[in-house]
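A.B. asks: Here it is, the structure in full.
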Amino acid sequence: MPTSIQFAPSRFRSAILGFLGCALAAGSLSAPAAADPLLDETVEFTGTVLFLQTKVPGLVIGAVRNGATSIHGYGERIDGGKEPDGDTVLRIGSITKAFTGQVLASLAADGTVSLTQRLGSLAPDLGAGKDPNTSKIRLIDIATQSAGLPREVPRKPGPVGDPFSTITRKAFAGWLDQNELLYPPGTGILYSNFAFDLLAIGLSEAAKTPYPEILAKHITGPLGMTDTVFELSDDQRKRLMEGHGFDGKALRDVPTGDVIVGSGGLYSTPKDLLRWMQWHLDRLSEEDAEVRMLDHAAYLVRDNLNPVSGMDESGHMDAMSLGWVVMMPDGDRPLILQKAGGLQGTFSYIAFAPTRGVAAFVAINQFDFGAAMLMAEVVNEMITSLARAKLFRMPHFLAAFAQ
């Protein structure tokens, strides 16, 4: 959809109501035939309204339901370019953490590690420090954001073209050596990038293999996710979605190096991510059943944890699985596992309802916290609508336009 489309409030309301009428009468739609026409209509409509409301340069949204997929793009992938599509490459930021959690599940399933294994047994330089509790940090504590670690290790920024170069294993060890944990492991939840990079280091040490190779062996390779990588090829770079800062100016893409691989270094595409979601939704399959079970289990429930911080921006966190935020059923909303990400001017969000066969992904290419929180809310409601079998339910964020 071109970025120049605008509606006056009255015309905007009429357009929405008109489209809702079509969506509610899905059986009579004249759109081209699809494997799941209602899925396609719902995704396209939701993306259209979200794009118009957020006014971001570009947006791409996709969903899968019972094996059928739908992807729609709006605006511009790069300034002056075409709209993003299923093959658009983008930074997925902290959604990387959910991949790291699945790698942990894979290595636990094959006996390489155990969930309750201490990080220090794998990486001695990261398993001791000023705080005696540092030696007690387990892999499960890291994967559930309950290790007592800060969001980031304080550091000086690197050069403009390589700002993350000062994030190093040595810097991690130095912080642990000089600082106490923020709380005893397992007693609270605090969002931490630092933690997931430690987890990737530990898993790499356990497998005696560079972390990107472990990811390729256990996830992206078997699933054919050829565009989910830490470093881009020339072809992939040509398909990259350009991010924008809070001021609306384009941001250059920068490397994240070989340390930020557990917390946020991955690139991917909507097609790859929905293929990954299909694996997660195949919950009754015997293939990879152990990995899927370990990955989705709710290990740490919110009850009586203190502190809890940085976990509710994309929906209320009720429990944590391995990197996934767990939202328990609430009213007609089903059980949802979700993760958000943000890096270099791109915000993204992915979520799935494992018992309903529905998953969705959305990304915008501008840093805008209001838009990011709205898109997560909208996707959660779209999943709820799609999970309700046949009928399209008007999302709450559209209700005002119908009054």
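A.B. asks: Kindly indicate whether Q338 is surrounded by 15 or more Cβ atoms within 10 Å (Cβ to Cβ), at pLDDT 95 or above and within 26 Å of S106 (Cα to Cα).
C.D. replies: The answer is yes for Q338.
A.B. asks: Consider only pairs whose beta carbons are under 8 Å apart and that are at least six residues apart or on different chains; among these, list those whose first residue lies in segment 195-208 and is touching a residue at least 40 places away in the same chain (Cβ under 8 Å) and buried (at least 24 other Cβ atoms within 10 Å of the Cβ) and whose second residue is among the aromatic types (F, W, Y) and part of a helix (DSSP H, G or I).
C.D. replies: Partner pairs satisfying both residue conditions: D197/F172; L198/F172; A200/Y211; L203/Y211.
A.B. asks: Could you check L322 against (1) surrounded by fewer than 24 Cβ atoms within 10 Å (Cβ to Cβ); (2) over 27 Å from E44 (Cβ atoms) and say which number it fails?
C.D. replies: Every listed condition holds for L322 apart from (1).
A.B. asks: Shifting gears a bit: Checking the structure you have, find out if any residue of segment 131-139 is over 19 Å from L104 (Cα atoms) and part of a loop (DSSP other than H, G, I, E, B).
C.D. replies: Yes, the conditions are met somewhere in segment 131-139.
A.B. asks: Might you check whether a residue that is open to solvent by 50 Å² or more (accessible area, probe 1.4 Å) and among the polar types (S, T, N, Q) occurs anywhere in segment 70-85?
C.D. replies: no
A.B. asks: Tell me yes or no: at least one residue of segment 227-234 is buried (at least 18 other Cβ atoms within 10 Å of the Cβ) and more than 19 Å from the chain's Cα centre (by Cα).
C.D. replies: no
The values are calculated or read from the model by the stated rules, or taken from the named source; none is laboratory data. As the structure is a prediction and not an experimental result, all values here were calculated from the model. Note that each Cβ is placed from the backbone with ideal geometry, even for glycine, and that neighbours are counted across all protein chains shown. Accessible surface areas use protein heavy atoms only, side chains included; no ligands, DNA or RNA. Shrake-Rupley method; radii C 1.70, N 1.55, O 1.52, S 1.80 Å.
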